[in-house]
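S.K.: If you scroll down you'll find the structure; I have some questions about it.
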Amino acid sequence: MAKETKVAFANPFTPGINYKMFLDAIPENVSVKDYCKGNLSDEQIEWLENDLSHYTNNLKTK
Amino acid sequence: MAISYTSVDIRGQAVAPIIAEILYENKTVGKGYVVFNDNIKANTIISENSIDVTAQLYTGAALSSSGTINLLDRAVTPVKLEYKQTFLEESLRAGRYNRSMKPGAWNIESNEFASEVLAMVGPNVSEDAETKFWGAITAATQTAIAALTPGAGQGSMTAATQTAVAALTPGLAGLDGVFAKILYDNSAVGTYLKVTGTTVTSSNIAAEFAKIYAKIPAKILENTRPGAECVIYAPRAWKQLIKIANNAVGAAQQVNFLVEGSGANEKISYNGVEIFFVPVPNDLMAYATAKDAISWNTDLVDDIVRFEVGKTANDGDTKFVRSIYTMAAHVTRAATGVLYGG
């Protein structure tokens, strides 16, 4: 039986965790919303998705 | 020439008052919203200190030292700014202003133009100075902020703020206003206490102010020393939202904000903390801090309303109007200031 590894949730609201670290911590094919569900409030997730859209847009223009 | 005059040749009467543009009163200076350090030519040191004390159990023996005395010096050199326009009053000769010109072809000076129009240079410069004091940002600071990796947590700048900063038009070299200094100072992201922001509307403004209020360190709120009371600097546009929030149509009266007095004597506060409305870039941020934590550093505060008019050369009639002042914004105790929308 494969050993299950639990990875700690990278809380983006924790000091010291920037968006790069946060996005790197999300497993492939998992959305931000799904990753944060249960760990952050709906309001926080909504705010985060909006702010991350600025981050990804800003990265594209760099 | 600097005069842009859509004139009508004067044949009869002209209504006496000339309708002047409406300007923001510079309340930062007029009402003393911040601390003013004047008589600064250059390189003036602004110092902060704090002492961490640590109690130890008495033993009678020599104890190890515990605690820290923290000192911070920052050199402030105000940036020197000049406004200059040249103009030729000959372009006034056909219009209403010719009535106050003395007889003779040599004479094209208009008293009415001087007292009603040129007199507005001072208030305009004063308004611009206040805008720069709060909202100026240099291209260098803008670039440095753009290079940060954003984050949602304390110690990081949000991506939305980065976007908003990128949208600002950078100003004159060396002149960062208060909000630029709060966001990024001394080659690093500001140490402000962060409250993540959203689009502020009349519906959510009370809730957003509650977030700011909750984040203010209790010792800043409790400080009643005159001149060091806690205040919130908010965008001017939020004043309307605050009043709408207090008078929501069809809803029971909700006094989220206390509005006292009216007109020039109006005072608006939230939970006892006075709100000063200032020109905040993009109307997105607000800052709560002790009133004496922000300083306007200059040579002479009154310089912003002084201007000089004269001839550019003796063998011509072209004139100049100039204003000169120096200014540097400085934020102290930055780590105890609460930035909404940072």
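Coordinate-derived values only; no laboratory data. Given the structure is predicted, the values throughout are model-derived calculations rather than measurements. Heads up, the Cβs are rebuilt from the backbone with ideal geometry, glycines too, and the neighbour counts pull from every protein chain shown.
S.K.: Per-residue mean of other chain beta-carbon atoms within 10 angstrom of the beta-carbon, peptide B:160-172?
M.R.: 2
S.K.: Å³ per residue of the Cα convex hull, for the range B:94-166?
M.R.: Output value, Cα hull per residue: 147 Å³.
S.K.: How far is the Cα center of the range B:38-117 from the Cα center of the range B:186-217, in Å?
M.R.: A separation of 28 Å, based on Cα centres.
S.K.: So, one more: If only Cα atoms are counted, what is the Rg of chain B, and what is its Dmax, in Å?
M.R.: 24.9, 99
S.K.: Which residue fluctuates most in the GNM of chain B (Cα springs below 10 Å): B:Pro78, B:Pro279, B:Pro150?
M.R.: Top of the fluctuation ranking is B:Pro150.
S.K.: Turning to a different aspect of this structure: What is the packing order of peptides B:122-134, B:32-44, taking the mean over residues of other C-beta atoms within 10 Å and listing the highest first?
M.R.: The peptides rank, most packed first, as B:122-134, B:32-44.
S.K.: Ok, one more. If you fit an axis through the alpha-carbon atoms of helix A:42-61 and take the longest principal axis of the Cα set of chain A, what angle between them do you get, 0 to 90°, nearest 10?
M.R.: The angle comes out near 60 degrees.
S.K.: Dipole of the range B:1-150, Cα-centred, from +1 at each Lys and Arg C-beta and -1 at each Asp and Glu C-beta, to the nearest 20 debye?
M.R.: 200 debye
S.K.: Now a separate question. For each of A:Glu28, B:Glu25, count neighbouring Cβ atoms within 10 Å of the residue's Cβ, then give the residues from fewest to most.
M.R.: A:Glu28, B:Glu25
S.K.: Check which residues have an amide H placed less than 5 Å from B:Gly151's amide H, if you skip close sequence neighbours.
M.R.: Residues meeting the criterion, in which the H sits 1.01 Å from N, are A:Tyr19, B:Met157, B:Thr158, B:Ala159.
S.K.: Another one. Give me the inter-chain shielding for B:198-205: mean count of other chain Cβ atoms within 10 Å, whole number please.
M.R.: The per-residue average across the peptide is 1.
S.K.: Related question: Can you compute 3J(HN,Hα) from phi for each residue in the range B:231-245, using the Karplus curve 6.51 cos²θ - 1.76 cosθ + 1.60 with θ = phi - 60°, rounded to whole Hz and x for Gly and Pro?
M.R.: Result, rounded to whole Hz: 9, 10, 8, 10, x, 4, 5, 6, 4, 5, 4, 5, 6, 5, 4.
S.K.: Within a 10 angstrom radius of the beta carbon, how do B:Thr59, B:Thr298 rank from fewest other beta carbons to most?
M.R.: Ordered by Cβ neighbours within 10 Å, fewest first: B:Thr59, B:Thr298.
S.K.: Now a separate question. Along the range B:267-273, what does the Karplus equation 6.51 cos²θ - 1.76 cosθ + 1.60 (θ = phi - 60°) give for ³J(HN,Hα), rounded to whole Hz, x for Gly and Pro?
M.R.: 9, 10, 9, 10, 6, x, 9
S.K.: When a footprinting reagent is the concern and you count Cβ atoms within 10 Å, what order do B:Arg74, B:Arg11, B:Arg96, B:Arg225 take, fewest first?
M.R.: Lowest to highest Cβ neighbour count: B:Arg11, B:Arg225, B:Arg74, B:Arg96.
S.K.: Taking θ = phi - 60°, what integer Hz values does the Karplus form 6.51 cos²θ - 1.76 cosθ + 1.60 yield along the range B:283-288, in sequence order, with x for Gly and Pro?
M.R.: 6, 10, 10, 9, 9, 10
S.K.: Could you give the angle, 0 to 90 degrees to the nearest 10, between helix B:205-215's Cα long axis and the longest principal axis of the Cα atoms of chain B?
M.R.: Here the helix axis deviates by roughly 50 degrees.
S.K.: Evaluate the charge dipole of the protein assembly as shown about its Cα centre and quote only its size in Debye, nearest 20, assuming +1 on the Cβ of each Lys and Arg and -1 on the Cβ of each Asp and Glu.
M.R.: Charge dipole, the protein assembly as shown, about its Cα centre: 220 debye, nearest 20.
S.K.: Here's another thing I want to ask about it. Averaged across A:8-15, how many Cβ atoms of other chains sit within 10 Å of each residue's Cβ atom?
M.R.: For peptide A:8-15, the averaged partner shielding equals 3.
S.K.: For chain B, find the longest principal axis of its Cα atoms and tell me its angle to the long axis of helix B:121-135, 0 to 90°, nearest 10.
M.R.: Between helix and principal axis, roughly 20 degrees.
S.K.: Figure the gain on full extension for B:Thr201 and B:Ser64 (residue separation times 0.36 nm, minus the Cα-Cα span) and round it to one decimal in nm.
M.R.: 43.8 nm
S.K.: Once you have a ≥ b ≥ c as the square roots of the Cα gyration tensor eigenvalues for the protein assembly as shown, tell me rounded if a/c is under 1.5, and otherwise prolate or oblate according to whether a/b is larger than b/c.
M.R.: prolate
S.K.: Quick query: amide H of B:Ala136 versus all other amide H atoms, modeled in the peptide plane; which residues come in under 5 Å with a sequence gap of 5 or more or a different chain?
M.R.: Close amide H contacts, sequence-distant or interchain: B:Gly177, B:Val178.
S.K.: Let me ask another. Quick one: which residues, 5 or more positions from B:Phe277 or on another chain, have an amide H under 5 Å from its amide H? H modelled 1.01 Å from N in the peptide plane, none for Pro or chain starts.
M.R.: Under 5 Å from the amide H of B:Phe277 lie the amide H atoms of B:Ala234, each far enough along the sequence or on another chain.
S.K.: May I pose another question? How high is the relative contact order of chain B, given as a whole-number percent (alpha carbon pairs under 8 Å, six or more residues apart)?
M.R.: Dividing the mean separation by the residue count of chain B yields 25 percent.
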